[in-house]
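Visitor: One structure, as structure tokens, below. Some questions next.
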Amino acid sequence: MTEATATEFAATGRRKTSVARVRLAPGTGKAEINGVEFERYFPTESLRRFIGQPLQTVEAQAKYDIFATVSGGGIAGQAGALRHGIARALVLADPAWRAALKTGGFLTRDPRMKERKKSGQPGARKRFQFSKR
């Protein structure tokens, strides 16, 4: 979570096994993810709304252009990582927004991860069928 330049703000967001490196630059609200336009990278409207929540909270939808590199995990994990990264970059852009973003829960990393498979069993929680005889 470091500040790139005076007019550009960079932050990292994480969720599950996904990592998003986000740069915010003053602009018109354009977003580019891995070199692809935002609407093509995240095709569902619900994911796009989920990602835009931090910007909507501080009413900065059209103030910044977003450039992000996202890797690892699936589409939902990447969306969560991007949302986390955007929120952290917004705090760098204006520290006064921290309270609103913290209240909304956008600065907290979601700690939920997939539970590992245990040896000698078919899954993380599933057990082989018990047989008394």
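Readers should treat all values here as calculations from the given coordinates under stated rules, not as data from a laboratory. As the structure is a computational prediction, the values presented were derived from the model and not from experiment. Note that we place each Cβ from the backbone using ideal geometry, even for glycine, and neighbour counts take in every protein chain shown.
Visitor: Extending each Cα 7 Å along its Cβ direction at ALA100 and GLU39, get the distance between those two points in nm, one decimal.
Guide: Between ALA100 and GLU39, the simple spin-label model gives 2.6 nm.
Visitor: GNM on the chain, C-alpha springs below 10 Å: top fluctuator among ALA96, ALA11, ALA76?
Guide: Of the options given, ALA96 has the highest mean-square fluctuation.
Visitor: Additional query: Convert 4 °C to kelvin, take the viscosity as 1.567 mPa s, use the Kirkwood radius over C-alpha pairs of the chain as Rh, and evaluate the Stokes-Einstein diffusion coefficient in µm²/s, rounded to a whole number. Please report the intermediate quantities before stating the final value.
Guide: On the way: Rh = 15.9 Å.
For the chosen part, D equals 81 µm²/s.
Visitor: Take the chain, connect every pair of alpha-carbon atoms lying under 10 Å apart with a spring to form a Gaussian network, then pick out the residue of PRO26, PRO43, PRO122 with the largest mean-square fluctuation.
Guide: PRO122
Visitor: Follow-up. Taking only Cα atoms and a 10 Å spring cutoff, compute GNM fluctuations for the chain and point out the largest among VAL70, VAL19, VAL58.
Guide: Comparing VAL70, VAL19, VAL58 in a Gaussian network model of the chain, the most mobile one is VAL58.
Visitor: Right, something else. Grab the chain and count how many Lys pairs have their alpha-carbon atoms under 28 Å apart, sequence gap of 8 or more, or different chains.
Guide: Lysine pairs satisfying the spacing and distance rule in the chain number 15.
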